[in-house]
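K.L.:
Structure incoming, see below.
The values are calculated or read from the model by the stated rules, or taken from the named source; none is laboratory data. Note that the structure is predicted; figures quoted are calculated from it, not measured.
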Amino acid sequence: MKKLFSALLAGAMLLAMGLSLVACGGQKAFYRLQEAYEKGIISYEDLGGMHVIYSAAKHLVLTVQEEEVIKQSFFDNFDVILKEDDVTPRELNSVEDIEITGFFGDYHGNYIVGISWFEDPMCNMLRESVADYSFYVDNDTYLFVWTNPEQIDLSLYQDMR
């Protein structure tokens, strides 16, 4: 009887944890492009739209407030980003160390941004390929999809553009 109760309790706890992840979307704040595409956070069409903007070297403009929110989120999630993503492990001491090098669109509330938090004196171009699209970035910049998991209402800031 004790084993049955323990098994039921463990099952209930696993179910509760699973439901809590579903309830809060189970989303990270930042995804690399490939992972975001594989998880359906951005679509093939979204990548195409981003590629048009990126290829034209025409960066869209974030408001100062949007930039501050994204940088703070990056800083707050930096340990997870280093652990889960293929990024160069450099120290990040403050939000002021973060630079958003480009904004390539808002796709369904997910912002695609280029982020750098260190300078590489041997700055080379690297190719990041997703689906049929290639993006060339400096090796001190990474392309991320920010999902805004805290659901910050950015429409308040967009009117300021």
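K.L.:
Collect the residues in the range 118-138 that are at pLDDT below 85 and hydrophobic (A, V, I, L, M, F, W, C), keeping them in residue-number order.
P.N.:
Phe118, Met122, Cys123, Met125, Leu126, Val130, Phe135, Val137
K.L.:
Which one of these is modelled with pLDDT of 85 or more and of a type in the set (S, T, N, Q): Thr88, Thr141, Thr147?
P.N.:
Step by step, each of Thr88, Thr141, Thr147 is checked, and only Thr147 is modelled with pLDDT of 85 or more and of a type in the set (S, T, N, Q).
K.L.:
Taking Lys58 as meeting all but one of (1) outside any helix (DSSP H, G or I); (2) modelled with pLDDT of 85 or more; (3) charged (D, E, K, R), write down the number of the exception.
P.N.:
Looking at each condition in turn, Lys58 falls short on (2).
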